[in-house]
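*Asks:* A single structure is presented below for examination.
The values are calculated or read from the model by the stated rules, or taken from the named source; none is laboratory data. If you're wondering where the values come from, they're calculated on a predicted model, not measured in any experiment. Here Cβ is always computed from backbone atoms with ideal geometry, including for glycine, and neighbour counts include all displayed protein chains.
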Amino acid sequence: MERSGKEDPKSARNQDKGLKGNEKIEEYIGYLQQEPTQEMLAVALTAIRRRMKAGGQFVIAIRPDSDRGLTAQLMQLPDGSRWAVAYTGFEEQEKGDTAVMSTFLADMREVLSKVLAMDGVSGLILNPWNRTMRLDRSLIRLILGA
């Protein structure tokens, strides 16, 4: 499902069945930020895995690239590492980058699997502007049960 324009994010989440329940992921990421322990990490990862198994979806952004056509949004960190980006909801995506992008819903399992298959990418950053969580390749494999 593609979105354009500025609709009310709260009503958008209510309409997008694949995003219902993702607020739990955001909640547990918030707890992890407040209490960065192995136990809270396990809780946050479990929340992502449960949503994935329930058919949950992430919002992904695609931007035009003059050399390669359309490309998934990537973020380069100050250490030089590159990360794929996904969001738990449209309102999270709208908080940040204002570059021209199209947004789509994508199956969580598919997104995580594709990140593992990408060369030169360290992992996936969920919600880079707020309620942020970095999932490196080892954490993605844990979520996928691989």
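*Asks:* Say we look at region 118-146 and pick out the residues that are among the aliphatic types (A, V, I, L, M) and under 14 Å from the mean Cα position of the chain (by Cα); which of these is nearest to ILE48 (Cα to Cα)?
*Replies:* Among those that are among the aliphatic types (A, V, I, L, M) and under 14 Å from the mean Cα position of the chain (by Cα), it is ILE143.
*Asks:* Residue pairs, Cβ under 8 Å, 6 or more apart or interchain, first in region 77-95 and under 18 Å from ILE29 (Cβ atoms), second modelled with pLDDT under 90 and of a type in the set (Gly, Ala, Ser). List them.
*Replies:* These pairs meet every condition: ALA84/ALA72; VAL85/ALA61; VAL85/ALA72; TYR87/ALA61; GLY89/ALA12; PHE90/ALA12; GLU91/ALA12; GLN93/ALA61.
*Asks:* While we're here: Taking helices (runs of 4 or more DSSP H) that do not extend beyond region 76-146, which have at least 1 residues that are of a type in the set (S, T, N, Q) and at pLDDT 90 or above?
*Replies:* Result: 108-117, 137-144.
*Asks:* Give region 28-63 a look and list any residue that's not in a helix (DSSP H, G or I) and not charged (D, E, K, R), or say none.
*Replies:* PRO36, THR37, ALA54, GLY55, GLY56, GLN57, PHE58, VAL59, ILE60, ALA61, ILE62
*Asks:* Right, something else. Could you check, for region 17-29, whether at least one of its residues is surrounded by 11 or more Cβ atoms within 10 Å (Cβ to Cβ), at pLDDT 70 or above, within 13 Å of the chain's Cα centre (by Cα) and of a type in the set (D, E, K, R)?
*Replies:* yes
*Asks:* Sticking with this structure for a sec: Within region 34-53, which residues are within 16 Å of the chain's Cα centre (by Cα) and surrounded by fewer than 16 Cβ atoms within 10 Å (Cβ to Cβ)?
*Replies:* THR46, ARG50, LYS53
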